[in-house]
Amino acid sequence: MNFESKYIWESLPLLLQGLQLTLIISLSGLVGGFIIGLLAGTCRALGGRISKTLSLVFVELIRGTPIMVQVMFIYFALPMVLPIRIDP
């Protein structure tokens, strides 16, 4: 079994496209998570009774469910509730 680097060089443009998409998704998730976390933390620290309760429920729901369950919920259940389709 020989290692041939020509296949890597042929696939390099596709690999770089995948890297670009991965970085975009990662940065979007980081920024979105930071904003949502900042809002939830501010509501829990400074908000009234209702906003504290809603932020507590949101945080515990997100922390208490596995990421795979959340992904399946977003992909399968969200289109039933809202007119949003996520392309696989």
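List of remarks:
- Average accessible area per residue (Å²) across the chain - probe 1.4 Å, nucleic acids and ligands excluded: 91
- Segment SER11..LEU39, full-extension length gain: 5.9 nm, with 0.36 nm per residue of separation and the alpha-carbon distance subtracted.
- Inter-label distance, nm, simple model (7 Å from Cα along the C-beta direction), GLU4/SER51: 6.3
- With θ taken as phi - 60° and the Karplus curve 6.51 cos²θ - 1.76 cosθ + 1.60 applied, the whole-hertz 3J(HN,Hα) list for segment 6-17 is 5, 5, 5, 5, 5, 8, 4, x, 5, 5, 5, 5 Hz, x standing for glycine and proline.
- Between the listed residues LEU14, TYR75, SER51, the Cα displaced farthest toward the positive end of the dipole of the chain, a dipole computed from Cβ unit charges relative to the Cα centre, is found at SER51.
- Cβ-placed point charges (K, R +1; D, E -1), dipole of the chain about Cα centre in debye, nearest 20: 520
- Value of D in µm² per second that Stokes-Einstein yields for segment 26-86, Kirkwood Rh from Cα pairs, at 4 °C (1.567 mPa s): 99
- At most 16 other Cβ within 10 Å, DSSP loop - GluC sites (Glu not before Pro), the chain: GLU4
The values are calculated or read from the model by the stated rules, or taken from the named source; none is laboratory data. Because the structure is a prediction, the values reported are computed rather than measured. Positions of Cβ are generated from backbone atoms using ideal geometry, with glycine treated the same way; all protein chains shown enter the neighbour counts. Ligands, DNA and RNA are excluded from the accessible area calculation, which covers all protein heavy atoms including side chains. Shrake-Rupley method; radii C 1.70, N 1.55, O 1.52, S 1.80 Å.
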